[in-house]
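Quick notes on the structure that follows.
What follows draws every value from the coordinates through simple rules; no lab data is involved. Just so you know, these numbers come straight off a predicted model, no measurement behind them. A quick note on method: Cβ atoms are made from the backbone with ideal geometry, for glycine too, and the neighbour counts reach across all protein chains shown.
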Amino acid sequence: MSSNNMADPRRQNKILRYKPPTTETNPTLEDPTPDYMNLLGMIFSMCGLMLKLKWCAWIAVYCSFISFANSRSSEDTKQMMSSFMLSISAVVMSYLQNPQPMSPPW
Amino acid sequence: MRIFGDCLRADIVTRIQQEGSGSTMRHLSILLLPLFLLLLAFPVSGGRYNDDFDDGEDLADFDDNDFAEFEDMSDDAVPEAGTAPPPARGSPSLRPDEDEDENEATVELEDGQDGFDDSDAQDQDIYSKYDQEEFEGIGDMEKTGHPMKDPLIIHTVPAHLQNSWESYYMEILMVTGLLAYIMNYIIGKNKNSRLAQSWFNSHRELLESNFALVGDDGTSKDAVSTGKLNQENEHIYNLWCSGRVCCEGMLIQLKFLKRQDLLNVLARMMRPTCDQVQIKVTLNDEDMDTFVFAVGTKKAMGRLQKELQDLSEFCGDKPKSGAKFGLPDSLAILTEMGEVTDGVMDNKMVHYITNHADKIESIHFSDQFSGPKVMQEEGQPLKLPETKKTLLFTFNVPGMGNTSPKDMDALLPLMNMVIYSIDKVKKLRLNREGKMKADRNRARVEENFLKQTHAQRQEAAQTRREEKKRAEKERIMNEEDPERQRRLEEAAQRREQKKIEKKQMKMKQIKVKAM
C-alpha cells in the first residue's frame with residue numbers, strides 16, 4: 001500500500017472538525033420510514049380507541065415497533081415512547097371494553 | 001308464625017270493620033294499631049329470609065300473593081325456552097320434596113347452562129305470573145300464548161365466558177409476532193454492530209497512519225480522535241477522518257442493511273441487496289484540477305447521470321465502456337473529456353479496479369459536486385448550487401447480505417485505492433487544451449443556468465420594483481402634512497417621467513442598431 005515517499009501524510013494543523021450534514025440540502029436522502037410509521041401508528045391507535053376495533057389497536061402496536069426500529073439515534077425518545085404508550089393503551093382499552101377474543105377476518 | 005300473624009291481622013281487621021264507630025272502638029283501634037304495625041312488620045321481614053323456614057311443604061299450598069311466583073312456576077317454568085331454572089332462593093318451592101337439606105337449596109341445571117340465568121327473563125316470568133293471579137281474565141289469554149312447548153334452544157356460551165384461552169388464538173398469534181420482531185431486532189442490531197466493529201478493526205491501522213484525526217462526532221471541545229464509529233442508526237455508522245495533506249477530510253459511512261427491522265428482512269428475501277460502504281473525500285481548492293469523472297457499474301452510472309447535478313451537466317454522453325483500458329464489461333465510464341479518463345486511469349488504478357470490480361459500485365471525482373438535482377417549488381433555483389471538490393466512492397460489501405465479520409477484510413485494498421486516489425488527484429493536472437475546454441464547459445453551464453432562470457429573475461426583479469413603488473406610495477399617503485405630500489408626489493412623478501424617457505431612448509438606440 002505504502003506510497004513511494006516515506007513522509008508521513010498526516011498533518012495536525014489541517015484538522016477539520018466534523019459537521020453533521022444538514023438535512024435541508026438533501027431531504028431525499030433521509031429515510032422517511034420512521035416518520036410514516038409513527039403517523040400510521042397514531043392513526044391506527046386512534047381508530048382502535050374510538051371505533052373499538054381490536055385489530056386496529058394491534059396494528060398500531062406493530063407500527064410503533066417498526067418506527068422505533070427504524071428511528072435515528074438523534075430522534076427524541078419521548079416521541080417514540082408516547083406513540084408506543086398510545087398504542088398499548090389502545091389495545092388495553094379495546095380489551096377492557098370488550099373482552100371477547102378477536103375474530104379473524106376470514 | 002307468619003300464619004299466626006296474618007290470622008291475627010285478619011281477625012283484627014274484621015273486628016274493626018264489624019264493630020263500626022264508637023269510642024271503645026276507637027280506643028281499641030289506637031291500642032291495637034302499634035300491635036298491628038308490629039305484627040305487620042314481622043311477616044315482611046320474615047319473608048326475606050326464605051331459606052330459614054322449615055315448613056317448605058306448606059308453601060306450595062299457601063295461596064298468598066307473596067308466594068304465587070313460586071307456586072305457578074312449577075307449572076310453566078320447565079318447558080319455557082331458554083330460561084334457566086329459578087335461582088337458588090326460589091328452587092326450594094319447586095322441589096319441595098328435596099328440601100331435606102334445610103337451608104341450602106339444590107339447583108338442578110339443564111345441560112349446557114351454568115347457574116347464571118337471565119334475570120330479566122325471570123323477572124318477566126314473575127310479573128306475568130303475578131298478573132295471572134291478580135287478573136283472572138288476562139291469565140287465560142296469557143296462558144294461550146304459552147301452551148305449546150317451545151323447543152329447548154341451548155345457546156353456546158359466549159367466548160369470553162369460556163374458561164379456555166384457546167379462543168384467544170389470534171391474540172396469541174399477535175403477541176408471538178411481536179416477540180419475533182423483538183428477537184429479530186436484537187439479533188439484527190448485534191450483527192450490524194459486530195460488522196461495523198470488525199470493519200473498523202481491520203481499517204484502523206491504515207486510517208490512523210494516514211489521518212491525524214480518526215473519529216470525531218463534532219461535539220467534543222478538543223479535536224481529539226475518539227477512535228470509534230459514530231452510530232447514527234441501528235444500521236448506519238459514520239467515521240470522520242481529517243488532518244492529512246491533499247484533502248480536507250474524509251467521511252466514511254457504513255450503510256448496512258436494516259437487519260433490525262423484520263419487515264426489511266422479509267422484503268430482502270425477495271429482493272436481495274448488499275451492505276455498502278460510502279466514502280466521501282472533500283478537497284481544498286488547490287488539491288484538485290477542474291474535471292468531472294465517474295466509473296462504476298452500468299446501472300449505477302445510468303442512475304447517477306440522471307440524479308446528480310454535475311454528472312448530468314458535464315458528462316452529457318451516455319456511459320462508455322472501459323474496455324479500452326482493460327476494465328471488465330460490467331463497468332462503464334462517464335467523463336467530461338477523454339483526456340481526463342486517460343489521466344485518471346493509470347495502470348495502478350486499472351489494476352485496483354479490475355481486481356475488485358465486484359465490490360465497486362461507483363467512483364466519482366468532481367470539482368463541481370453539489371449533490372443530487374434539487375427541484376424547488378418555483379421550478380428552478382434562483383442561484384447556482386454550491387459546489388465542492390469531492391471524491392466519492394461507493395463499495396459493496398461481498399456476501400450479498402449474508403456477510404460475516406471476516407468479509408470486512410476484503411475491503412481493505414479498496415481503502416488503499418482511496419488513499420492512492422487522493423494523492424493522485426492532487427498531482428493530476430490538465431494540459432492547456434484540457435483546461436480551456438474545462439473552463440468553456442463551466443461557462444456554458446453557468447450561462448445555461450442563467451438563461452433558464454432569466455424569466456424567473458426578471459419576475460423577481462419586477463416584483464421587487466413594484467414593492468418599492470407601493471412602499472413609496474404608502475409613505476406619501478401616510479404623510480400628514482399636505483405640503484410635503486404634494487412635494488413627494490411631484491418627485492415620484494418626475495422619477496417616473498425620467499424612467500419612461502430612458503426606456504424610449506433605449507428602444508430608439510436598439511432600432512438604430514438593428515438598422
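Would you mind classifying the stretch B:457-514 by shape? Square roots of the alpha carbon gyration tensor eigenvalues, ordered a ≥ b ≥ c; an a/c under 1.5 is rounded, otherwise it is prolate if a/b is larger than b/c and oblate if not.
Oblate is the answer for the stretch B:457-514, as a/c is 1.5 or above yet b/c matches or exceeds a/b.
Only sites in a loop by DSSP and with at most 14 other Cβ atoms within 10 Å count here; which GluC sites (Glu not before Pro) in the stretch B:231-327 make the cut?
In loop regions of the stretch B:231-327 (DSSP not H, G, I, E or B), there are no sparsely surrounded GluC sites (Glu not before Pro).
Could you check the spin-label model distance between B:ALA514 and B:ALA491? Points 7 Å from the Cα along Cα→Cβ, value in nm.
Simple spin-label model gives 3.8 nm for this pair.
Based on the alpha-carbon gyration tensor of the stretch B:205-331 and its eigenvalue square roots a ≥ b ≥ c, which shape applies: rounded if a/c is under 1.5, prolate if not and a/b is larger than b/c, or oblate?
Since a/c reaches 1.5 but b/c is at least a/b, the shape of the stretch B:205-331 is classed as oblate.
So for the pair A:MET50, A:GLN97, with labels modelled 7 Å out along Cα→Cβ, what separation do we get in nm?
1.1 nm
With a Förster radius of 45 Å, plug the Cβ-Cβ distance of A:ASP76 and B:SER404 into 1/(1 + (r/R0)^6) and report the FRET value to the nearest 0.05.
Rounded to the nearest 0.05, the efficiency is 0.80.
Based on the Cβ-Cβ distance from B:GLU232 to B:ALA357, what FRET efficiency comes out when R0 is 35 Å, to the nearest 0.05?
That pair, B:GLU232 with B:ALA357, gives E of 0.75.
In nm, to one decimal, how far is the modelled label at B:LYS298 from the one at B:LYS468, with both set 7 Å along Cα→Cβ?
For the pair B:LYS298/B:LYS468, the computed spacing is 5.7 nm.
Taking amide hydrogens as modeled 1.01 Å from N in the peptide plane, which residues meet the under 5 Å criterion relative to B:SER321, leaving out close sequence neighbours?
B:ILE333
Given a Förster distance of 41 Å, report the FRET efficiency between B:VAL224 and B:LYS435 from their Cβ-Cβ distance, rounded to the nearest 0.05.
The value I calculate is 0.50.
Using each residue's phi in the stretch B:297-312, evaluate 6.51 cos²θ - 1.76 cosθ + 1.60 at θ = phi - 60° and report the 3J(HN,Hα) Karplus result to the nearest Hz, with x for Gly and Pro.
Ordered by residue, 3J(HN,Hα) equals 5, 4, 5, 5, 5, x, 5, 5, 5, 6, 8, 7, 4, 6, 5, 6 Hz.
In nm, what is the difference between 0.36 nm times the number of residues separating B:GLN197 and B:MET183 and their Cα-Cα distance?
2.9 nm
Is the stretch A:12-97 rounded, prolate or oblate when judged by the Cα gyration tensor, a ≥ b ≥ c being the square roots of its eigenvalues, rounded requiring a/c under 1.5 and prolate requiring a/b larger than b/c?
Values: a/c = 4.72, a/b = 3.04, b/c = 1.55.
It comes out prolate by the Cα gyration axes.
So if I take the centroid of the Cα atoms in the stretch B:180-225 and the same for the stretch B:382-447, what is the distance between those two points in Å?
Cα centroid of the stretch B:180-225 versus Cα centroid of the stretch B:382-447: 23 Å apart.
Given 0.36 nm per residue, what is the gain on full extension from B:GLN456 to B:ARG444 after removing their alpha carbon distance, in nm?
2.4 nm
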